[in-house]
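Below is one structure, written out as structure tokens, with a few remarks after it.
Computed from the coordinates by the stated procedures, all read-outs in this text should not be read as laboratory data. Since this is a predicted model, take the numbers as computed values, not measurements. Counting neighbours? That spans all protein chains shown, and the Cβs are built from the backbone with ideal geometry, glycine included.
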Amino acid sequence: MSCEYRIPDLIAKKRDGDELSEKEINHFVKAVTSNGASESQIGAMLMAIFLNGMNRDETVSLTKAMLSSGSSLQWPEEWRGSVADKHSTGGVGDKVSLALAPALAVCGVKVPMISGRGLGHTGGTLDKLESIPGFQVSMDSKQMCDVLEKVGCCIVGQTETIARLIGCCMV
């Protein structure tokens, strides 16, 4: 990994309320996904961002870096305009995901949902689904496409290649 930027310097910069450049954000994201940043460094950066916020440019840069941290799913051309996702922050009151995906599928919308696990005090969507004997939440993109073609919706977990940064940051 390049030593162009030092992770502690990036954390201090954000902690002090300064703006991170696109290159600095990309460097941090690459460090996170390649195990070049410790959990304490990731936590410190997230706290600095929480306390000081991010401006529009930083938010756009982080979103792009997160997007490019893993592979993008490719869908058949005939699905163009009919693929949608519903994402939830979860929590005790989360009742929408499990009902909405099949309801949209019945209307012809393909719904490939990538869901998460619980964050300590409550079970996440994946935890709930895995309580059903035989329910499979691990699929590669080919399996997802097959299920979407047949059923119209699927709910799966993050993988090493899909939503990679999310998996690195969820504890």
Exercise for the section: Net charge near Asp18: determine it from the other residues with C-beta under 13 Å of the C-beta of Asp18, scoring Lys and Arg +1 and Asp and Glu -1. Expected result: -3
Fill in the blank from the handout: Connecting every pair of Cα atoms under 10 Å apart in the chain and solving the GNM, the largest mean-square fluctuation among Cys153, Cys145, Cys107 falls on Cys107
Handout entry: Evaluated at q = 0.19, 0.21 Å⁻¹: base-10 log I(q)/I(0), Debye formula over Cα of the range 1-88
Key = -0.87, -1.00
Completion exercise
Rounded to whole angstroms and listed largest first, the alpha-carbon spread of the range 4-43 along its three principal axes comes to 25, 20, 14
Handout entry: C-alpha long axis of helix 56-67 to longest principal axis of the chain, angle in °
Key = 60
Fill in the blank from the handout: Summing +1 per Lys or Arg and -1 per Asp or Glu among the other residues with Cβ less than 9 Å from Asn52's Cβ gives 0
Completion exercise
Farthest towards the positive end of the dipole of the chain, among Val109, Gly53, Val29 and with Cβ unit charges of +1 on Lys and Arg and -1 on Asp and Glu, lies the Cα of Val109
Completion exercise
Zone reached by a paramagnetic label modelled 7 Å from Phe50 Cα along Cα→Cβ, restricted to the range 9-44 with backbone N below 13 Å, covers 42-44
Problem - Cα-based Lys proximity count in the chain, under 15 Å, for pairs eight or more positions apart or on separate chains - result: 10
Handout entry: By average C-beta atoms within 10 angstrom, highest first, the peptides 23-33, 129-139
Key = 23-33, 129-139
Completion exercise
Karplus ³J(HN,Hα) for the range 14-24 (6.51 cos²θ - 1.76 cosθ + 1.60, θ = phi - 60°; Hz, whole; x = Gly/Pro) runs 5, 4, 7, x, 7, 7, 8, 6, 4, 5, 5
Exercise for the section: Can you run the Rg to Rh ratio on the chain? Use alpha carbon positions and the Kirkwood inverse-distance Rh. Expected result: 1.02
